[in-house]
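Have a look at the structure below before the remarks.
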Amino acid sequence: MPCRIENPPPPSAAATTLPEPLAWIDGDLARLAADDLVRPRRVRTGKQSARVSLDGIEMVNFGSNDYLGYAGDVRLTKAASKAACAEGFGAGASPLVSGHSQAHEALERAVADLLAVEAALVFPSGFAANTATIAALAGADDVIFSDERNHASLIDGCRLSRARVVVYPHRDLTALDHLLDAAAAARRRLVVTDTLFSMDGTVAPLADLCELARRHAAILMVDEAHATGVFGARGSGLVEQAGCEGGVHVRVGTLSKALGAAGGFVAGHGRLVEWLRHRARAWIFSTAHPPAVAAAATRAIALVAAEPERRRHLLARAAEFRTDLAARNVATGDAAAQIVPVVTGTATAAVALAGRLAARGYFVPAIRPPSVPAGGSLARVSLSWLHSEADLAGLADALAG
């Protein structure tokens, strides 16, 4: 049975006519459709799991960041319900006014303990954490060095800072070394990078980045969004796994992926966090996220500590899956984690591949510009602890076919 998964036609303009100042939107939407860049809006029924119903179609779900299977875990639901009963649902104010609840305080302590740092600050989203932190650390007299594959939130944070931004080739330490040398006169130099790149599944060379930052007296800020909960003996991320906690000055992460909740955080030295409390605009001027969400995230952090087998199992399965695909001549680039890209090149080819997989019962989203560079479109497989060996074997068959 055909599956309507990618690129439905844009909404019809027949019902209403756009006012003249907005008339350009129709043409731009039409161009997006012609280039296979329209993003469908799907409606999910039920909770995130290894299987999902999208627009009424049941599929094996490889499109979620629920890496450890906690998004639908009843233990998080119970923690959120208990906190909502005790503290209400809405926070009602920014953290600096009266929105910072006992649940938020407990979460910030839990994050700091997980990362083995002095303090943490919780934001409504990981995007807000990145944009606010970069803009608080760098300004017009400074230079930021950003990996070319960094997440959009890091890119936008660089733009908001008004600093000079230098984009260095992906994971190219030699180029970064030269660029840092050339900017020696800047007031501050800030290197920002993802630790696990969300589209490629590649891992940043953290130990070498720490050494570069030390040698050039640069600030090193990393985003552990896709690594928190998955890597390291404690599950705190790739910084822990690389053994370079002392060389990373600012650590950002999300509560919405492996931890199954919502929000973002920044963690590090206590005085760094105190500075951000006074300068991070997305924290100062946003209502705190609901205490119930904070309680769910705190429960998830406890589960990460109590259930290390989930992350070990996930990473072992991911390695086996990549090996299986390589044996079938399905290229996955330099992926080294639970994110496994199958590069197609064009957006049209990515949409076609996603459609073929959907027709066989597998939801694997097509990733296209601006999420990836032109010519780098792909189908992104996101693995979860919830996936069975049969799920992965069936997807490998479908990709090879």
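Just so it is clear, none of the values below were taken in a lab; they were calculated from the coordinates. Just so it is clear, the model here is predicted, and its values are computed rather than measured. Positions of Cβ are generated from backbone atoms using ideal geometry, with glycine treated the same way; all protein chains shown enter the neighbour counts.
Out of contact with any strand residue (DSSP E or B) (no Cβ under 9 Å at 6 or more places or on another chain) and on the phi > 0 side of the Ramachandran plot - does that describe any residue in the stretch 260-269? Checked the stretch 260-269: at least one residue is out of contact with any strand residue (DSSP E or B) (no Cβ under 9 Å at 6 or more places or on another chain) and on the phi > 0 side of the Ramachandran plot.
Can you find even one residue in the stretch 92-104 that is surrounded by fewer than 16 Cβ atoms within 10 Å (Cβ to Cβ) and under 16 Å from residue 260 (Cα atoms)? No, every residue in the stretch 92-104 fails to be surrounded by fewer than 16 Cβ atoms within 10 Å (Cβ to Cβ) and under 16 Å from residue 260 (Cα atoms). How about the stretch 306-341: which of its residues are β-branched (Val, Ile, Thr) and free of Cβ contacts under 8 Å to residues at least 40 places away in the same chain? The one that is β-branched (Val, Ile, Thr) and free of Cβ contacts under 8 Å to residues at least 40 places away in the same chain: 323.
Of all residues in the stretch 118-143, those being crowded, with 22+ Cβ neighbours inside 10 Å, out of contact with any Phe, Trp or Tyr (no Cβ under 9 Å at 6 or more places or on another chain) and outside any helix (DSSP H, G or I) number 2. Note on the stretch 178-208: among residues that are aliphatic (A, V, I, L, M) and out of contact with any helix residue (DSSP H, G or I) (no Cβ under 7 Å at 6 or more places or on another chain), the one that is farthest from residue 377 (Cα to Cα) is 185. Among the residues of the stretch 310-341, those that are of a type in the set (D, E, K, R) and closer than 13 Å to residue 229 by Cβ comprise 310, 311, 312.
In the stretch 183-211, how many residues are under 21 Å from residue 155 (Cα atoms) and without any contact (Cβ under 8 Å) to a residue 40 or more places away in the chain?
Adding up the residues that qualify gives 3.
Sub-7 Å Cβ pairs linking a first residue in the stretch 276-305 that is buried (at least 18 other Cβ atoms within 10 Å of the Cβ) to a second residue that is outside any helix (DSSP H, G or I) and of a type in the set (Phe, Trp, Tyr), at least 6 apart or interchain, are 282/123; 283/123; 290/89; 292/89; 300/70; 303/70, ordered by first then second residue.
Quick check on residue 368: is it surrounded by fewer than 24 Cβ atoms within 10 Å (Cβ to Cβ) and of a type in the set (Lys, Arg)? Taking the combined requirement at face value, the residue does not satisfy it. Just one of (1) crowded, with 21+ Cβ neighbours inside 10 Å; (2) touching a helix residue (DSSP H, G or I) at 6+ places or on another chain (Cβ under 8 Å) fails for residue 382. It is (2).
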